[in-house]
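The values are calculated or read from the model by the stated rules, or taken from the named source; none is laboratory data. The shown structure was predicted, so the numbers you read here are calculated from the model rather than taken from an experiment. Here the Cβ positions follow ideal geometry from the backbone for every residue, glycine too, while neighbour counts run over all protein chains shown. Protein only, heavy atoms only, side chains kept; ligands, DNA and RNA dropped before computing areas. Shrake-Rupley method; radii C 1.70, N 1.55, O 1.52, S 1.80 Å.
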Amino acid sequence: MAALTVPVLRTKAPLLRNRAAAKLLLLALITAVLLPLLHGHSWPHHLTVSLTRPLTDASDWIIDNRDTHPLFLYFFGYVSNAVVLSVRAVYVALLAIGWPGVTALGALVAWRVAGPRLAAGTAAAFLACGALGMWEPTMQTFALMVVAVLVSVLLGAALGLAGGLSARLDRALRPVLDTMQVLPAFAYLLPVVLVFGIGVPAAVLATVVYAAPPMARLTALGLRGADPEVLEAVESLGATRRQRLLTARVPLARRELLLGLNQTIMMALSMAVIASVIGAGGLGDRVYQALSTVDVGQALAAGIPIVLLAVVLDRVTGAAGATRDEGPRTIGRPYVLAVTAAAALAARLLGVLDWPNGWTVRIAAPVDHAVDWMTSHLYSGVPVVGGTADWAAHFTTWVLDPVRDGLQWLPWWSVLLVVAALAWLIGTWRTALTAVLALAAIGVLGVWEPSLDTLSQVLAAVAVTLVLGFATGIAAARSDRVERALRPVLDVCQTMPQFVYLIPVVALFGVGRAPAVAAAVVYALPAVVRITAQGLRQVDPAALESARSLGATGRQQLWQVQLPLARRALLLAVNQGVVLVLAVVIIGGLVGGGALGYDVAFGLAQGDLATGLVAGAAIVCLGLALDRVTQPTGRRPRKGA
Amino acid sequence: MRTRPRTTIPVALAVLGLAGGCGAADMTEQASPFAHTGGGRSVTLSVQSWVGAESNVAVARYLLEHKLGYRVDTVQVDEVPAWDALSQGRVDAILEDWGHPDQEKRYVEDKKTIARAGDLGVTGHIGWFVPTYLVRQHPDITDWHNLDKYASLFRTAESGGKGQLMDGSPSYVTNDKALVKNLRLDYQVVFAGSEAAQITQMKQFAKERKPFLTYWYSPQWLFRKVPMTEVKLPPYKDGCDADAAKIACAYPRTPLQKYLNADFARSGGKAAEFLKKFRWTTDDQNEVSLLIAQDKLSPDQAAAKWVDGHPSVWKRWLS
C-alpha cells in the first residue's frame, strides 16, 4: 500500500508523567471499589448470552425463504443480479478483445497516466500472467476486481463526500470506518454468504465491504483538508455551494482521492484470494484448489499474477496521484482506443484471442522441488541450531504456551484492567473505553477462552515482528542500498496471497500455532519495516546534525536522537503490525492455529452460523480492542494528509 | 462485441434497469457469471477439497468435454455449502457425498430441489490410522485399548502432555472429540484446520519415521505414499452414532452418493444421463488421484491417461 503518512511528532507535555500516574491511580481506585463483585478466573457464566438458538433459527429462516420472501425477490435478488450481469459483461468484453487487446489497453492506459516505463511493466505483467498459463483465471479475477473496485469507489466516495461536507456526519462515520479498516477479511465472509449464497455476488459484496472504507476515509480527509484560503477566495468570487465543491474542493483533494483509489484496489486484491473460500472463482480459486493437492508450485503460479496485478496497479495509481499538474500527456485517448481496437481486431482475425497453449511455462515442478529440498533439509536434524520443527516446538512450549496459559490464568477483570491502563496511557479515555467494552463483549459472547488463545498468538507474533521489523527498518533507514534491495521483497510479501505460503510454513514448522505465527510475521513485517524506515528518515536533520556535532557516535545518534524522535512512527508501526498480525493469525486456523480462526473456518465449512458468526464477532471485538490499545493518539491527524 | 469494459458497465446497468423494472429477481436461479461464456451447452460441477473428489470431476469433465461436447466449469466449495449451491442451481452436480442426513432431508425430501443420482461405486470409510512402520515396532498398537500405553509416543508441543490425535479440515464429518472423551483416552484432538496442512504434516512425519495417530479416510491416495494401518475402535452398530455426544464406536462404511440439481436432473439432457450412470471403483479413483497428487499431472492430463486405459469402464456411462 503506497504511502503511509507518518504524522509529525508531538512535543512531550511536561505533565505527562504525573498525568499517567493519575490515570493509573484512578483505575486502581475503580477496581478497588468493584473488587468485591469480581471473582473467578474465566469470564463468569451468568454474564454470557448464548446466541446459538436465534442464529440457527435465522439461518434456517433464510434458507427456507430465500426463493419466496419479497425481501429476497425484490431487493437482494436485484443486487445479486446486477453484480452477476456486470461481472459477466466485463468478463465477456475482456474475452472479446483477447489477450492482445487487454495487454495493449493496459499498457497504453499505464502510459497515459504514468509514462512509458510503467507501460512496459504493465505489458510485461499481463504477458507473464499468460505465460504462467493463468490467462483465463486472471481475466475472471480482473473482471471481478473491476466491478468490486468500481462499486467500492462509488460507495466510498459518496460516504466520503457526506463526511467531508457535514461535520456531524463525519463524527458519526469516522469511528465506523476506522473500525472497518482494522477488521480481518475472514470475519466478513459468513454473513454475506448466508444472504447471497456461495458465488460471485457474495464475493463481490464481501470485497466491497472490505475495500470501500479507505476510499471514504480519504475522500473525507481530502475534502476537509482543503486550504481555507483558496476556499475563501472562491467564495468571494460568488461561487455557489455546488460550484465551490466541484471547482475547488474536489480538485484540491485529488491527491487523497487517488490515494483512496490506490488503497481500495489493494484491499480488493488482497480479498480476491480469501473470497475464493466463498466461490469467487478466478485466481484465488486456483490457489485454493492447488492447496488441496499440497501443490505449492501450482499455488505460486496462480499467486504470482495476483502479485503482478497488485504491484502494477499500485505503481500506476501511485504515479497518477504523484503527477499534480496537467502537463502535456504523452498519448491521447483516441490513440489508446485505436491501438486497443487494432490489437483486438488483429487477434480476432488471426484467431489467437485465447492465450496459445504452447506459450506457457510450467513453473510448478521446479518450485515444488525447491520447496521439497528446503523442507526436507531444514525441517530437523540441522547440526548445532536444530531444525525448524524443533524451533517451532520450542517456540510453542516456551513462548506460546506460557503466554496463553498466563492470559487464561489471569482473572478476567484484571485482563480488562490491563487493557484499560495500556489504552489510556497510550491514547485517550475514549480509546480506553472502546477497548474495554470490546473486550467485555467477547466475554458476553461466551468465547473468552478461545479469544485469549488467539490473543496470545497475536502477542507472540507481534513481538517477533517488531524485533525483526525494527531491526530491518533501522537498517533500511540508514542505507539507501538496503532500502532499494528491500523494496521488491516487501512488495511481494505484502501482496502475495497468504494461502500460498501457508503450506510451506506447515512443512517447515508442523501443524499447530507456530506456523500460524510464522505466516503472520511474514505478512506483517513489510508494513512495520516501511513505517519504521520512513519514520526514522523523517527525523529532523537539524537534530541529527547537532547530535553529530556534539560528537555522538552512530549508535548514540540512533538510540538517543532518532528513535525517541520517531516515537510516533514507531507506535504507528506497532499499531499496523498488530492489525495485520491478527488478520493472518485468524487465517492460521487453517493450519492448526485453532481458537477463533478455526471456529470461523468451521462456521464457513459447515454452514454453521452460530459458531462462525460468534467467532467472527469476537474477532471484530478483539481487533477493535487491539487497535484502540495501540492507537498512538486519540484523534488521527486531521490537517493535511 | 468489441466494447471497452468501462462503457460496458453502464450499458449493462441500464439494460438491467430496463429488464428489472418489473417482476421478481430470484437469485437462487442465477448462474455464475463465468459460466457459458464459450457458447453452447455447459455443466457446472462442484469440486470438494480432497483429491478423490477432484478425480471424479476430472474424469467426468474430460468425458463431457471430449465425448459429449459440453463445456464444463468447476467450483471449489466445502461440503455443506455445496448442498446449498446445488439446490440453488449454482452447481449442477455433486459427485461424491459422504452422507449429510440433515441436508438430504431438507433439500431432497422437503424442498425437492436436489435429486439423488445413485452410487458413485466407491465405499468411503473414516477411521483412526497409524503409520505401518510404527505397527511393525509395536504390533499391539492397532487396538484402541492399548492406545493409552503409547500416548507418550504421540506427544507434541500442541497436545499439552497428552498424545496427539490429528484431525483435518473443519468441513469433514468427525466424532473424534466425543470418542476421545467417551473412551477415556489420554489424547488431545488437534485440528490441522485443512486437509492440505494435515497431509503436509503426515508426509513430514513419515519422512522422519516419527509416530503419529491421525483421523483419516479411504479411499485416499496418500495410503500409497505413506502406508497406514487402521486402529480398531469399538465396532460400529446401527444407531450407535445417534447421539453425537455419546458416540463410543467406530465410523460406518458409507457408499458414496451422487446428487444432481433437480431441474438439471430432469432437463439436463445427455450430461445428466451421463452423470447418473457415472460409476467406478475405488481402484479407478485412486489411480487418477495418484496421477494428480503424486505425479503432479494436471487433472485434465490425469483424466486423459485414465480414459485411454479404461475404455470398457467409461463406454458404459455413455450408452
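So what does B:K225 come to for accessible area, using a 1.4 Å probe and Å² rounded to 10?
B:K225 exposes around 90 Å² with every protein chain in place.
Sticking with the crude label model, points 7 Å out along Cα→Cβ, report the distance from A:Q560 to B:A245 in nm, one decimal please.
6.7
Mind running the shape call on the protein assembly as shown? Use the C-alpha gyration tensor, a ≥ b ≥ c as the square roots of the eigenvalues: rounded below 1.5 for a/c, prolate if a/b tops b/c, oblate otherwise.
Because a/c hits 1.5 or more and a/b fails to exceed b/c, the protein assembly as shown counts as oblate.
Could you work out [θ]222 nm for chain B from helices alone, using -39500 (n - 2.57) per DSSP H run of at least four and dividing by all its residues? Round to the nearest 500 deg cm²/dmol. Show your work: numbers first, answer last.
Values: 12 runs with 116 residues, N = 319.
Result for chain B: -10500 deg cm²/dmol, rounded to the nearest 500.
Just tell me how shielded B:156-163 is by partners: mean number of partner chain Cβ atoms within 10 Å of each residue's Cβ, no decimals.
Details: counts 8, 15, 13, 1, 4, 0, 0, 0.
Taking all residues of B:156-163 together, the mean is 5.
From the C-alpha coordinates alone, can you work out the Kirkwood hydrodynamic radius of the stretch A:420-486, in Å? Intermediate results must be reported in sequence, preceding the final value.
Working: mean 1/r = 0.0682 Å⁻¹.
Computed over Cα pairs of the stretch A:420-486, the Kirkwood hydrodynamic radius comes out at 14.7 Å.
Label the stretch A:331-483 by shape, choosing from rounded, prolate and oblate, from the square roots a ≥ b ≥ c of the eigenvalues of the Cα gyration tensor; if a/c is under 1.5 it is rounded, and otherwise prolate applies when a/b is larger than b/c, oblate when it is not.
Details: a/c = 2.44, a/b = 1.64, b/c = 1.49.
In terms of gyration-tensor shape, prolate.
Carbon-plus-sulfur fraction of the accessible area of the protein assembly as shown, 1.4 Å probe, in percent?
Working: 25570 of 40870 Å².
Carbon-and-sulfur percentage of accessible area, whole number: 63.
Of A:A96, A:V84, A:A124, whose Cα points farthest to the positive end of the dipole of the stretch A:44-175 (charges on the beta-carbon: +1 Lys, Arg; -1 Asp, Glu; origin at the Cα centre)?
A:A124
Hey, what angle do you get for helix B:299-309 against the long axis of chain B, alpha-carbon based, 0 to 90 degrees rounded to 10?
That helix lies at roughly 80 degrees to the long axis.
Counting only protein chains, not ligands or nucleic acids, how are A:I363, B:I292 ordered by accessible area (probe 1.4 Å), most first? Can you show the working numbers first?
Details: A:I363 40, B:I292 10 Å².
Result of the area sort, largest leading: A:I363, B:I292.
Compute the accessible area of each residue in the stretch B:175-224 twice, once for its chain alone and once with every protein chain present, using a 1.4 Å probe on heavy atoms, and list those whose area falls by at least 30 Å².
B:F191, B:A192, B:G193, B:A196, B:A197, B:T200, B:Q201, B:Q204, B:K207, B:E208
First check a/c for the stretch A:141-323, with a ≥ b ≥ c the square roots of the eigenvalues of its C-alpha gyration tensor; if it is under 1.5, answer rounded, and if not, answer prolate when a/b is larger than b/c or oblate otherwise. Can you show the working numbers first?
Values: a/c = 3.24, a/b = 2.05, b/c = 1.58.
Cα axes put the stretch A:141-323 in the prolate bin.
Using a 1.4 Å probe, what is the accessible area per residue for the stretch B:78-141, in Å²?
Details: 2190 Å² over 64 residues.
Value for the stretch B:78-141: 34 Å² per residue.
What number, rounded to the nearest 500 deg cm²/dmol, is the helix-based mean residue ellipticity at 222 nm of chain A, given -39500 (n - 2.57) per DSSP H run of at least four residues and division by all its residues? Don't skip to the end; give the middle numbers.
On the way: 26 runs with 467 residues, N = 641.
Calculated from helices alone, the mean residue ellipticity at 222 nm is -24500 deg cm²/dmol.
Only Lys, Arg, Asp and Glu count, each charged at its Cβ (+1, +1, -1, -1), so figure out the dipole size of the stretch A:141-323 about its Cα centre, rounded to 20 debye. Working shown, then result.
Numbers: 13 positive and 10 negative charges, 81 e Å.
Roughly 400 debye for the stretch A:141-323.
Treating cross-link reach as a plain straight distance, find the lysines whose alpha-carbon is under 28 Å from the alpha-carbon of A:K23, omitting any fewer than eight places away in the same chain.
A:K12
At a Cα cut-off below 27 Å, give the lysines reachable from B:K277, other chains included and same-chain residues fewer than 8 away excluded.
Candidates past the 8-residue exclusion: B:K67, B:K105, B:K111, B:K112, B:K258, B:K305, B:K315.
Counting only heavy atoms of the protein chains, get the accessible area per residue of the stretch B:178-239 (1.4 Å probe) and round it to a whole Å² value. Can you show the working numbers first?
Working: 2520 Å² over 62 residues.
Result: 41 Å² per residue.
Under a point spin-label approximation (7 Å from Cα along Cα-to-Cβ), what is the B:T123-A:A21 distance to one decimal in nm?
If labels sit at B:T123 and A:A21, their model points lie 8.0 nm apart.
Hey, if you put +1 on the Cβ of every Lys and Arg and -1 on every Asp and Glu Cβ in chain A, which of A:F142, A:G156, A:P228 ends up farthest toward the positive end of that dipole?
Looking along the dipole axis, the top candidate is A:P228.
Taking the full set of protein chains and a 1.4 angstrom probe, give the accessible area of B:F223 in square angstrom, rounded to the nearest 10.
50
Mind listing the phi-derived Karplus ³J(HN,Hα) values for the stretch A:551-561, rounded to whole Hz, using 6.51, -1.76 and 1.60 with θ = phi - 60°, and x for any glycine or proline?
x, 6, 6, x, 5, 5, 4, 5, 6, 9, 10
Given a 1.4 Å probe and no ligands, DNA or RNA in the count, how much accessible surface is buried by B and A, both sides, to the nearest 100 Å²?
Working: alone 16560 and 30750 Å², together 40870 Å².
In total, chains B and A hide about 6400 Å² from solvent.
List the lysines whose Cα lies under 26 Å from the Cα of B:K149, skipping any in the same chain that are fewer than 8 positions away.
Qualifying lysines at Cα under 26 Å: B:K162, B:K177, B:K181, B:K203, B:K207, B:K210, B:K232, B:K246.
Solvent-accessible area per residue for chain A at a 1.4 Å probe radius, Å²?
On a per-residue basis, 43 Å².
Just the accessible area for A:W359, please: 1.4 Å probe, Å², rounded to the nearest 10?
Accessible area of A:W359: about 140 Å².
Taking chain B on its own, what percent of its Cα-Cα pair distances exceed 32 Å? If you can, show how the numbers build up before the last one.
Values: 19638 of 50721 pairs.
Here the tail beyond 32 Å accounts for 39 percent of pairs.
Given 25 °C and 0.890 mPa s, compute D for the stretch A:51-186 with the Stokes-Einstein relation, Rh being the Kirkwood radius over Cα pairs; round to the nearest whole µm²/s.
130
Distance from the Cα centre of the stretch A:413-481 to that of the stretch A:551-618, in angstrom?
8
From largest accessible area down, sort A:R286, A:R484; use a 1.4 Å probe on the protein chains.
Working: A:R286 100, A:R484 165 Å².
Descending accessible area places them as A:R484, A:R286.
Looking at the protein assembly as shown, what % of its DSSP beta bridges pair antiparallel, to the nearest 5? Each step should come with its number before you reach the end.
Numbers: 19 of 35 bridges.
Bridges in the protein assembly as shown are about 55 percent antiparallel.
Quick one: if you stick a label point 7 Å off each Cα along the C-beta vector at B:K237 and A:L337, how many nm between them?
8.0
Among A:L94, A:L580, what's the order by accessible area (1.4 angstrom probe), most exposed first? Don't skip to the end; give the middle numbers.
Details: A:L94 5, A:L580 35 Å².
Output order, biggest surface exposure first: A:L580, A:L94.
Roughly what % of DSSP beta bridges within chain B run antiparallel, to the nearest 5? Don't skip to the end; give the middle numbers.
Details: 19 of 35 bridges.
So the antiparallel bridges amount to about 55 percent of the total.
Where in the stretch A:231-257 does the label zone of A:L165 land, with the point 7 angstrom along Cα→C-beta and an amide N cut-off under 14 Å?
Answer for the stretch A:231-257: A:240-250.
With +1 on each Lys and Arg Cβ and -1 on each Asp and Glu Cβ, and nothing else charged, work out how big the dipole of the protein assembly as shown is about its Cα centre, in Debye to the nearest 20. Mind dumping the intermediate values first?
Numbers: 86 positive and 70 negative charges, 623 e Å.
Dipole about the Cα centre, nearest 20: 3000 debye.
Over chain A, what relative contact order in percent results from Cα pairs under 8 Å that are six or more residues apart? Intermediate values should be presented prior to the final figure.
On the way: 953 pairs, mean separation 133.6, N = 641.
In percent, rounded to a whole number, it is 21.
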